[in-house]
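Peer 1: Please find one structure pasted underneath; my questions will follow.
The values are calculated or read from the model by the stated rules, or taken from the named source; none is laboratory data. Since the structure is predicted, the reported quantities are computational estimates derived from the model, not experimental observations. Here the Cβ positions follow ideal geometry from the backbone for every residue, glycine too, while neighbour counts run over all protein chains shown. Remember, those area values only see protein heavy atoms, side chains included, never the ligands or the DNA or RNA. Shrake-Rupley method; radii C 1.70, N 1.55, O 1.52, S 1.80 Å.
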Amino acid sequence: MNVQSKAPHEPPRRIQVAPGDNVAIIVNSLGLPAGTEFSDGLVLNHFVPQGHKVALADIADGRDIIRYNEVIGTAKGDIRRGDWINEDNVVMGTAPPLDQLEMATRPPPKPEPLTGYTFEGYRNADGTVGTKNILAVSTSVQCVSGTMEFALQRIKAELLPKYLNVDDVVVLTHAYGCGVAINAPQAIVPIRTLQNLAQNPNFGGEVLVVGLGCEKLVPERLLPAGQENNNTLRMQDEAFVGFGAMIDGIMSMVEDRLKILNKRQRETVPAAELIVGMQCGGSDAFSGLTANPALGFCADLLVRAGATVMFSEVTEVRDAIHLLTPRAATKEVADALVREMKWYDSYLEQGGVDRGANTTPGNKKGGLSNVIEKSLGSVAKSGTSAINAVLAPGEKVRQRGLVFAATPASDFVCGTLQMASGMNLHVFTTGRGTPYGLAAVPVIKVATRTELAKRWNDLIDLDAGPIATGEKTIEQVGWELFQLMLDVASGRKKVWADHWGLHNDLTLFNPAPVT
Ligand code: CA
């Protein structure tokens with residue numbers, strides 16, 4: 001069936017974000033054919049797919065194309081009213097200069113507190129709260145991964161069923177630890193990520209490390225201060241004669257810890273104890289219209305409730321940084337935002353690319369012409385609160401409120417770094433769709449479009465699509481997400497990724513050399 005020539009069964013719909021925009025987004029799920037006439041007389045000159053832009057006015061060659069009341073590029077050739085606008089007729093401009101930004105000029109006032117919301121969580125000795133009760137075994141080097149995989153199968157079969165209050169056992173495997181320039185200045189990123197991952201609130205506070213024995217990253221470096229006793233095991237330890245003895249040693253260390261974790265009980269805690277990591281992946285033109293604004297509204301609710309909420313993905317905020325630095329709570333926070341942007345600009349430059357390398361074929365198919373348009377939609381996740389703090393990649397979050405945690409936008413790398421920063425709940429918005437999940441932290445997936453939410457009805461946890469069709473408001477979906485977060489954090493509701501056991505690998509960010 002040729003959908004491009006098929007007459008639409010529903011009235012043509014388009015969304016113009018800001019009154020000054022000269023483009024709008026086509027809402028109809030199959031797109032709209034050439035010749036479609038809107039009630040105000042706008043006629044499409046071409047087929048325009050769902051999520052793609054139509055010109056609302058003639059735009060002469062070289063003139064600005066405006067969405068979100070921001071310039072997303074300039075016209076390549078003359079564009080006529082009713083034309084389809086896509087990456088072929090948009091020229092991307094340069095990123096906002098970092099030395100001409102408004103710094104902490106308009107921090108929003110402290111919002112009205114939101115009280116009375118709670119969830120059932122596991123209180124830790126350091127004051128953090130877990131949303132799951134998981135035993136994590138850290139590893140100091142990739143060499144032990146195969147052994148740990150073998151041990152994990154036995155742990156899950158023989159030990160875990162005896163300790164019913166423990167949700168799961170995970171092994172924090174990775175490619176780091178040896179064959180790396182451990183003293184390079186940037187090695188601090190993967191090392192502190194591993195240190196802080198082990199202390200994620202969902203792991204109950206005590207760190208176990210399995211190492212090999214000759215690696216550069218010594219297991220003790222992953223232990224918090226004061227936890228030096230009986231918490232590490234080296235496979236090269238001469239006490240182990242044969243593989244079986246090593247496995248027995250690991251099983252015994254794990255069982256001692258399972259006994260402790262098994263005594264933990266959920267207790268009622270304020271919503272303020274949520275530490276939410278937000279990111280998007282497989283974005284489309286609806287991301288900035290539906291799911292991200294709803295998540296932004298929800299982020300404002302979390303801030304009002306006293307919780308911590310992190311947004312990330314440097315390459316997806318870089319082109320919207322001029323909208324963020326004015327919102328910094330202090331000059332120091334604004335400086336830190338710029339510091340992270342500069343660091344990433346130079347990181348990309350060393351690799352011979354710029355932030356334009358971010359966009360994927362799927363993003364473009366979903367209507368995003370370039371990373372500027374993607375970024376303007378991406379930062380909608382941050383809501384309207386003051387930005388209270390900035391974290392370098394893998395740093396542990398210590399402040400409440402809205403926090404920018406600098407990470408790459410890569411889904412698994414961002415998720416891993418937000419886990420290291422201490423998130424106990426993850427929210428992921430997607431337009432194209434991804435089955436993404438994490439073993440240790442629940443991932444709530446929010447669809448930008450109803451078509452995706454219906455097709456992936458057993459993978460997507462919440463549909464923000466009705467915002468585009470006017471059936472729900474941003475506020476309604478934001479509140480639904482807030483309630484869903486409390487249910488998932490309490491263990492009352494399981495996200496689809498956990499239902500199916502869809503868990504991506506932890507993926508370290510290592511900007512330092514490999515030797
Ligand atoms: Ca991402």
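Peer 1: Rounded to the nearest 20 Debye, what is the dipole magnitude of segment 1-94 about its Cα centre when Lys and Arg each give +1 and Asp and Glu each give -1 at the C-beta?
Peer 2: Charge dipole, segment 1-94, about its Cα centre: 200 debye, nearest 20.
Peer 1: Right, something else. Trypsin sites (Lys or Arg not before Pro) within segment 191-294: which are DSSP loop residues with at most 14 other Cβ atoms inside 10 Å?
Peer 2: Taking segment 191-294 and a limit of 14 other Cβ atoms within 10 Å, the loop trypsin sites (Lys or Arg not before Pro) found are LYS263.
Peer 1: Here's another thing I want to ask about it. Using a 1.4 angstrom probe on heavy atoms only, work out the carbon and sulfur share of the accessible area of the chain in %.
Peer 2: 51 percent
Peer 1: Roughly what angle does helix 291-304 make with the longest principal axis of the chain, taking Cα atoms, 0 to 90 degrees, to the nearest 10?
Peer 2: Approximately 60 degrees, to the nearest 10.
Peer 1: Is the C-alpha gyration tensor of segment 288-403 telling us rounded, prolate or oblate? Criteria: a/c under 1.5 is rounded; beyond that, a/b larger than b/c is prolate, otherwise oblate.
Peer 2: It comes out oblate by the Cα gyration axes.
Peer 1: Report ³J(HN,Hα) in whole Hz for each residue of segment 16-32, in order, from the Karplus equation J = 6.51 cos²θ - 1.76 cosθ + 1.60 where θ = phi - 60°; Gly and Pro get x.
Peer 2: Per-residue couplings from phi come out as 10, 6, 10, x, x, 5, 10, 9, 9, 9, 7, 8, 3, 5, 9, x, 9 Hz.
Peer 1: Hey, got the Cα dimensions of segment 1-139 along the principal axes, in Å, largest first?
Peer 2: So the three principal-axis extents are 65, 47, 42 Å.
Peer 1: Then there's this: Please report Rg (one decimal) and Dmax (integer) in Å for the Cα set of segment 357-515.
Peer 2: 16.1, 56
Peer 1: OK, next. Where nothing but the Cβ of Lys and Arg (+1) and of Asp and Glu (-1) is charged, how large is the charge dipole of the chain around its Cα centre, in debye to the nearest 20?
Peer 2: 540 debye
Peer 1: So which lysines can LYS76 reach, going by Cα to Cα under 16 Å and dropping same-chain residues fewer than 8 places off?
Peer 2: Answer for LYS76, where 16 Å is the Cα cut-off: LYS53, listed by chain and number.
Peer 1: Here is a further query. Looking at the square roots a ≥ b ≥ c of the eigenvalues of the Cα gyration tensor of segment 134-261, which shape do they give, rounded for a/c under 1.5, prolate if a/b is larger than b/c, or oblate?
Peer 2: It comes out oblate by the Cα gyration axes.
Peer 1: OK, next. Counting only heavy atoms of the protein chains, get the accessible area per residue of segment 6-76 (1.4 Å probe) and round it to a whole Å² value.
Peer 2: About 45 Å² of surface per residue is accessible.
Peer 1: Quick check of the Kirkwood formula: for the chain, what is the inverse mean of 1/r over all pairs of different Cα atoms, in Å?
Peer 2: The answer is 24.1 Å.
Peer 1: If packing is taken as the mean number of other Cβ atoms within 10 Å per residue, what is the order of 327-338, 425-436, highest first?
Peer 2: Highest-to-lowest ranking by the protection proxy: 425-436, 327-338.
Peer 1: Beyond a 32 Å Cα-Cα separation, which of these cross-linked pairs lie in this structure: LYS259/LYS396; LYS396/LYS494; LYS342/LYS364; LYS331/LYS472; LYS263/LYS381; LYS472/LYS494?
Peer 2: LYS331/LYS472; LYS263/LYS381
Peer 1: If you don't mind, another one. Over segment 270-500, give the accessible area per residue in Å² for a 1.4 Å probe, as an integer.
Peer 2: 29 Å²
Peer 1: Listed highest first by mean packing, meaning other Cβ atoms within 10 Å per residue, what order do 372-378, 482-488 come in?
Peer 2: Answer by packing, highest mean first, reads 372-378, 482-488.
Peer 1: May I pose another question? Take peptides 457-470, 108-121 and line them up by average Cβ neighbours within 10 Å, highest first, as a rough protection proxy.
Peer 2: Ranking the peptides 457-470, 108-121 by packing returns 457-470, 108-121.
Peer 1: Also, I was wondering about something else. So what is the calculated 222 nm ellipticity per residue for the chain, using -39500 (n - 2.57) for each DSSP H run with n of 4 or more, over all residues, to the nearest 500 deg cm²/dmol?
Peer 2: Estimated from H runs of four or more residues: -7500 deg cm²/dmol.
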